[in-house]
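Every number here is computed from the coordinates shown, using simple stated rules; none is lab data. The structure presented is a predicted model; accordingly, all values stated were derived computationally and were not measured. All Cβ positions, glycine included, derive from the backbone under ideal geometry; neighbour counts span all protein chains shown.
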Amino acid sequence: MPEHLDKSAQRIRSMFGQIAPRYDLANHVLSLNTDRYWRWRTVRRVPPRDRRPVLDVCTGTGDLALAYARAARRLGAEVVGTDFCPEMIALARQKAHRAGLAGQVRFLVADTLALPFESDRFQVVTVAFGIRNVADLQRGLAEMTRVCGPGGQVAVLEFSLPRGRLWGGLYRWYFKHVLPRLGQLIARNRFDAYHYLPASVEQFTPPEEMCRRMEQTGLIHVQAVPLTGGVATLYVGSKPQDRKDTPR
């Protein structure tokens, strides 16, 4: 039986607060910079199309929100990034200022399980590598769908496990034996964050079930797009224009 993972808000907030200063470096090193490509693919696949705002939840240090801010600038669309870890939000604001995007993107401390926005507000709602850390996955997806506007899209970028025997076996070995040690070396912390990472991915909802869960929130045309041989998966669903289009 897999070990039970503690995803309580207090533990997750404290863990990410402690690794925040070295979070970006660890991401880029451990993924060999592939994380940048995955975010680029997300913006290309689910681009902003009008002046309505874009929301990125569990934004961390803001990389995906900043990528959307660059893409939405020509449209005049605001981007909002939220995370319940204040240390992460502080770093995201610094990055926006350095990138000259402070007027284009806002970062707020907020919980994905209770987003402080009215329904049907955003043209695109995204999350990158954060939804598996949310204590109640279905409630988090439902909140993302709630604040997405009719005709808008919800995009979830998340780690997954490759299924091929050779590639899958190689990757699982790296993920279980190399990544945790290297991650702890880069971003030392008392929460064993980089042992939590492979365990949380291993226990995360498989792609077929994830698509069903997104459909259960009312999204339609849900697709799972594997990236880099299945190391990550991009899930995309659309919110119906009319209530009659909502699946029952």
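As an exercise, find the ratio Rg/Rh for the range 9-239 from alpha-carbon atoms, using the Kirkwood inverse-distance average for Rh.
The Rg/Rh ratio comes out at 0.94.
How would you rank Arg51, Arg165, Arg13, going from fewest to most other Cβ atoms within 10 Å of each one's own Cβ?
Arg165, Arg51, Arg13
What does DSSP give for the range 9-239 in terms of the percent of beta bridges that are antiparallel, rounded to the nearest 5?
Of all bridge pairs located within the range 9-239, approximately 40 percent are antiparallel.
Aspartates and glutamates within cross-link reach of Lys239: Cα-Cα under 12 Å, excluding same-chain residues under 8 positions apart?
Straight-line reach from Lys239, under 12 Å: Asp120, Glu215.
Could you give the nm distance between label points at Leu113 and Asp192, where each point is 7 Å from its Cα heading toward the beta carbon?
Going by the 7 Å Cα→Cβ label model, 2.3 nm.
Run the quick spin-label model on Arg73 and Val178: label points 7 Å from Cα toward the beta carbon, then report their separation in nm to one decimal.
The answer from the label model is 3.6 nm.
What nm distance separates the two modelled labels at Arg163 and Ile220, each placed 7 Å from Cα along Cα→Cβ?
Result for the modelled spin labels: 2.7 nm.
Using Cβ counts within 10 Å as a stand-in for footprinting exposure, how do Thr34, Thr59 rank, fewest first?
Ascending number of Cβ neighbours within 10 Å: Thr34, Thr59.
Any chance you could run the full-extension gain for Leu5 through Ala102? It's 0.36 nm times the residue separation minus the Cα-Cα distance, nm to one decimal.
Here the segment from Leu5 to Ala102 would lengthen by 31.3 nm.
What value, in deg cm²/dmol to 500, does the helix sum -39500 (n - 2.57) over DSSP H runs of n ≥ 4 give at 222 nm once divided by the residues of the chain?
-13000 deg cm²/dmol
Order of Arg74, Arg139 from fewest to most other C-beta atoms within 10 Å?
The most exposed by this proxy come first: Arg74, Arg139.
With a sphere of radius 10 Å drawn around the Cβ of Phe117, what net charge do the other residues whose Cβ falls strictly inside it have (Lys, Arg +1; Asp, Glu -1)?
After counting each charged neighbour, the total is -1.
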